[in-house]
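The values are calculated or read from the model by the stated rules, or taken from the named source; none is laboratory data. In this text the structure is predicted, and so the values were computed from the model without any measurement. Virtual Cβ from ideal backbone geometry, glycine too; neighbours counted across all protein chains shown.
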Amino acid sequence: MASRPIWKGQLRLSLVAIPVEMFSATNRKGRISFRQVHKPSGKRIRYEKVVPGVGPVDTDDIWKGYEIEKNEYVMIDPDEIEDIKLESRKTLELVQFVDIAEIPPIYFDKPYFLSPSDELAEDAFRVVRDALRETKKAGIGQLAMRGREYLVAVRPCGSGLLLETLHYEDEIRKTDPFFSSISDKKAEKELLSVATDLIENKSAPFDAGAFKDRYSEAIHALVKEKAGKRRKTGAPKKTKSTQKGENVVDLMEALKKSVKSSEEKAKSSSRGGRRSSSRKKSA
C-alpha cells in the first residue's frame with residue numbers, strides 16, 4: 001500500500017509551477033521501540049498530568065508557559081498561539097540556488113521525497129530535476145506547513161527530487177565552547193601518514209546496505225524468540241532469575257563478540273597500513 005503524501009502543492013521555479021506530492025523518506029518502523037509495562041500485571045503504564053499540591057488537572061486548564069527566570073513563566077493562551085500559526089501554503093518557490101557542497105551537513109534536518117502529482121506534470125518536473133543535476137545545484141525556499149515555516153533545500157534524487165528541511169542559523173550551536181580547548185598544533189607527519197594510508201586502504205563507494213544494526217537485529221531476535229515461547233505456552237509464566245539472566249548474558253555475549261571482531265579487523269587493517277607505508281618509504 002502506497003504511503004499518503006504529507007503535503008501537496010506546487011513547486012514553483014519563476015513562472016513555472018509544477019504540481020507535486022511530498023512523502024517522508026525515512027521509515028521509523030525499522031527502529032526498536034519499547035513501552036513501559038507494569039511487570040506484575042503486564043499492563044502498559046500511563047501518565048497523568050498533575051500539579052504538585054493540586055493533583056490531576058483538566059486539559060482545558062493547561063496553557064503554554066515560557067520560562068523567563070527559574071520557576072517564573074510568561075503565560076500564553078493556546079488561542080494566541082493558534083492566531084500566530086501560519087496557514088499551510090500550497091506553493092514552494094525556489095528563490096535561490098547554491099552548490100550542494102556549500103551547505104554544511106550540520107544544517108540538514110529531515111529528508112522527504114518529491115514526485116509529480118500526475119503524468120501532465122512529469123515533463124516540467126524532469127526539466128527542473130535534470131537542470132539541478134546538470135548544474136549540481138540545490139534549490140532553496142521556505143515551506144509553510146503544520147503551522148510553521150520550514151527552510152528547505154531541493155536537489156535531484158534518483159528519478160525524483162529530494163527535499164530536505166534545514167535548521168535555521170540560530171538553531172545551530174557555535175563550536176567555540178566545544179573546540180576552544182583543542183590546540184592548533186598539527187598532527188605528527190609520521191602518524192598522519194599511517195592514518196591517511198589506513199583511510200586510503202579502507203576507501204570504497206558508500207553502500208548503506210553493507211552496514212547492519214547488530215544491536216537492533218539482536219533485539220528483534222530476542223523479541224521473536226520470546227513471542228514464540230508465549231504463543232506455545234499461552235500466558236507468560238514466572239521464570240527463574242537464572243533463565244532471564246541467561247538471555248541477557250547471551251545477548252551481551254553476542255554484542256561483545258561482534259565488537260571484538262570489529263576491533264580485530266581494525267587492528268589487522270592498521271598493521272596492513274603500516275606495512276604499506278614502510279614499503280613506500282623503503283622504495
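Since SER24 meets every condition but one in (1) closer than 24 Å to GLU169 by Cα; (2) of a type in the set (Gly, Ala, Ser); (3) exposed (fewer than 10 other Cβ atoms within 10 Å of the Cβ), which condition does it not meet?
Going through the list (1) closer than 24 Å to GLU169 by Cα; (2) of a type in the set (Gly, Ala, Ser); (3) exposed (fewer than 10 other Cβ atoms within 10 Å of the Cβ), SER24 breaks only (3).
Within segment 52-64, which residues are surrounded by 10 or more Cβ atoms within 10 Å (Cβ to Cβ) and part of a loop (DSSP other than H, G, I, E, B)?
VAL57, ILE62, TRP63
What do you reckon, is PRO5 within 22 Å of LYS110 (Cβ to Cβ) and not in a strand (DSSP E or B)?
For PRO5, the condition - within 22 Å of LYS110 (Cβ to Cβ) and not in a strand (DSSP E or B) - is met.
Using beta carbons and a limit of 6 Å, which pairs, at least six apart or on different chains, have the first residue in segment 139-161 and under 17 Å from ALA121 (Cβ atoms) and assigned by TED's automatic domain parsing to the domain that holds PRO19 and the second one among the small types (Gly, Ala, Ser) and modelled with pLDDT of 95 or more?
Short answer, once both residue conditions are applied: VAL154/GLY139; GLY160/SER115.
Checking LYS49 against (1) in contact with a Pro (Cβ under 8 Å, 6 or more places away or on another chain); (2) surrounded by 12 or more Cβ atoms within 10 Å (Cβ to Cβ); (3) basic (Lys, Arg), which single condition isn't satisfied?
With respect to (1) in contact with a Pro (Cβ under 8 Å, 6 or more places away or on another chain); (2) surrounded by 12 or more Cβ atoms within 10 Å (Cβ to Cβ); (3) basic (Lys, Arg), LYS49 is out only on (2).
Would you be able to tell me the number of residues in segment 21-42 that are part of a strand (DSSP E or B) and within 18 Å of CYS157 (Cα to Cα)?
Count: 4.
On the basis of being under 30 Å from the mean Cα position of the chain (by Cα), at pLDDT 90 or above and surrounded by 10 or more Cβ atoms within 10 Å (Cβ to Cβ), does ILE32 make the cut?
Taking the combined requirement at face value, the residue does not satisfy it.
Take the residues of segment 90-112 that are in contact with a Gly (Cβ under 8 Å, 6 or more places away or on another chain) and assigned to a strand (DSSP E or B): which is surrounded by the fewest Cβ atoms within 10 Å (Cβ to Cβ)?
The selected residue is GLN96.
Could you give me the residue pairs with C-beta distances under 6 Å whose first residue belongs to segment 63-91 and is within 29 Å of GLN142 (Cβ to Cβ), whose second residue is basic (Lys, Arg) and assigned to a strand (DSSP E or B) wherever it lies, and which are 6+ apart or on separate chains?
From residues that are within 29 Å of GLN142 (Cβ to Cβ), the pairs are ILE76/LYS64; THR91/ARG12.
Scan segment 94-132 for residues that are among the aromatic types (Phe, Trp, Tyr) and in contact with a Pro (Cβ under 8 Å, 6 or more places away or on another chain) and report the count.
1
Condition test on ILE18, is it surrounded by 10 or more Cβ atoms within 10 Å (Cβ to Cβ), outside any strand (DSSP E or B) and in the same structural domain as VAL127 (by TED's automatic domain parsing)?
Criteria not met by ILE18.
Mind checking which residues of segment 63-105 are in contact with a helix residue (DSSP H, G or I) (Cβ under 8 Å, 6 or more places away or on another chain) and modelled with pLDDT under 90?
TRP63, LYS64
Quick one: TYR73 ticks every box in (1) closer than 20 Å to TYR150 by Cβ; (2) of a type outside the set (A, V, I, L, M, F, W, C); (3) not assigned by TED's automatic domain parsing to the domain that holds ARG133 except a single one, so which number is it?
Among (1) closer than 20 Å to TYR150 by Cβ; (2) of a type outside the set (A, V, I, L, M, F, W, C); (3) not assigned by TED's automatic domain parsing to the domain that holds ARG133, the lone unmet condition for TYR73 is (1).
What is the one condition in (1) closer than 27 Å to ARG28 by Cβ; (2) of a type in the set (Lys, Arg); (3) loosely packed, with under 12 Cβ neighbours inside 10 Å that LYS189 does not satisfy?
Against the list (1) closer than 27 Å to ARG28 by Cβ; (2) of a type in the set (Lys, Arg); (3) loosely packed, with under 12 Cβ neighbours inside 10 Å, LYS189 comes up short only on (1).
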